[in-house]
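Have a look at the structure below before the remarks.
None of the figures in this text is laboratory data; all of them are computed from the coordinates on show. Here the structure is a predicted model, which is why all the values come from computation and not from measurement. FYI the Cβ positions are ideal-geometry reconstructions off the backbone, even for glycines, and counts take in every protein chain you see.
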Amino acid sequence: MKHIVLFLILLGFIHKSYSQRNAIAQDTISLKADQFLGIDSFGAIYYAKNNIFYKKWNDREWQFGDFILGQLTQASVLNPLKILLFYESSNTIVLVDKYLSEINRVNFNTISEFKSVSLVSPANDNSSWLFDNNTQQLEVFNTNSEKTFVATQPINELPTLLRSNFNYCWILTSENLSQFNIYGSLLNRNENEGYNDIRIINNDLIILKDDGLYYRYTKTGEIEKINLPEIHIKQFYVTNEILYIYDQSKIYSFDLTLQKK
């Protein structure tokens with residue numbers, strides 16, 4: 001009987017053990033911010049401090065802030081020429097250009113199709129992914145026409161996180177991680193195994209768990225533990241296969257040695 005119990009324990013350990021992925025340390029950048037929000041492919045750093053959104057590049061700095069909108073909830077620099085800012089308390093999206101000058105603003109309280117939005121992320125062209133609390137649907141919403149192009153079936157669970165690239169969107173709930181395409185079709189749904197945050201690398205994912213960061217292959221579902229030094233991860237970001245980790249005062253960058261699957 002003891003041998004059977006030992007075998008089951010070892011089997012569970014093997015099942016939860018992960019292969020390792022190396023990360024090559026690069027630069028370290030000092031930053032004092034409330035939130036680190038990303039680095040674009042040109043090396044510009046984006047962050048928030050005292051509810052002001054900042055861009056820092058080549059010793060120059062730009063900022064955007066409008067306290068009437070309330071607290072900045074989300075910011076996406078996926079397209080650095082059209083940055084998306086979301087203020088949940090005022091139910092408003094603001095789009096700004098590379099100098100952080102306002103391009104467009106959508107107040108979901110005043111448009112013809114009223115929405116109660118909790119999560120947003122850029123899609124392609126002039127569109128954004130958004131989750132409408134009223135309908136419990138993920139939508140592709142055109143910010144110019146202020147119309148919904150695509151809506152998924154209602155999602156029974158309350159999403160806590162939404163990440164996207166131009167063609168796909170991932171929604172994280174307490175139970176599941178789901179992937180949708182730009183047409184609103186559900187492509188994958190997997191159990192949330194303690195995921196706290198996700199970032200997209202190519203069409204795969206970097207996942208934050210309590211014990212560190214993991215690389216997850218979308219096609220196979222295989223997961224690799226990223227081998228990193230001991231750093232407190234306050235926020236992290238990925239650009240061009242470079243992983244950025246922000247603790248409390250510094251941004252650490254790592255080159256991920258990607259193994260194609």
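Using Cα pairs closer than 8 Å and at least 6 residues apart in sequence, work out the relative contact order for segment 30-163, in percent.
The normalised contact order for segment 30-163 reaches 12 percent.
With the contact rule set at Cα under 8 Å and sequence spacing of 6 or more, what percent relative contact order holds for segment 156-261?
Answer for segment 156-261 is 12 percent.
Could you point to the residue in 65, 165, 127 farthest towards the positive end of the chain's charge dipole, with +1 and -1 charges on the Cβ of Lys/Arg and Asp/Glu respectively?
Farthest towards the positive end: 165.
May I ask you to derive the relative contact order of the chain, considering only C-alpha pairs under 8 Å and at least 6 residues apart, and to give it as an integer percent?
17
Between residue 104 and residue 202, what's the calculated FRET efficiency when r is the beta-carbon distance and R0 is 22 Å? Round to 0.05.
That gives a FRET efficiency of 0.15.
Compute the FRET efficiency between residue 26 and residue 125 as 1/(1 + (r/R0)^6), taking r as their Cβ-Cβ distance and R0 = 35 Å, and round to the nearest 0.05.
Step by step, r from the Cβ atoms, then E = 0.55.
With everything on Cα atoms, drop me the angle between helix 2-16 and the longest principal axis of the chain, reported from 0 to 90° to the nearest 10.
Once rounded, the angle reads 30 degrees.
Charges only on Cβ, +1 for Lys and Arg, -1 for Asp and Glu: so what's the dipole of segment 20-256 about the Cα centre, in debye to the nearest 20?
Roughly 340 debye for segment 20-256.
Would you mind checking which residues have amide H under 5 Å from residue 147's amide H? H placed 1.01 Å from N; only 5 or more apart, or other chain.
Residues meeting the criterion, in which the H sits 1.01 Å from N, are 142.
Please work out the Cα center distance from segment 226-241 to segment 96-163, rounded to the nearest Å.
If you average the Cα positions of each part, the centres end up 28 Å apart.
Quote the charge dipole size of segment 109-207 about the Cα centre in Debye, to the nearest 20; the model charges only the Cβ of Lys and Arg (+1) and of Asp and Glu (-1).
So the magnitude is around 160 debye.
With labels modelled as points extended 7 Å from the Cα through the Cβ direction, what inter-label distance (nm, one decimal) is found for residue 156 paired with residue 219?
Spacing of the two 7 Å Cα→Cβ label points: 3.2 nm.
Please name whichever of 155, 242, 144 sits farthest to the positive end of the charge dipole of segment 20-256, dipole taken about the Cα centre and charges placed at Cβ: Lys and Arg +1, Asp and Glu -1.
So the residue furthest toward the plus end is 144.
Set the Förster radius R0 to 41 Å, insert the Cβ-Cβ distance between residue 188 and residue 57 as r into 1/(1 + (r/R0)^6), and round the FRET efficiency to 0.05.
E between residue 188 and residue 57, to the nearest 0.05, is 0.70.
Take residue 81 and residue 227, extend 7 Å from each Cα along the Cα→Cβ direction, and tell me the distance between the two endpoints in nm.
That separation, rounded to one decimal, is 4.0 nm.
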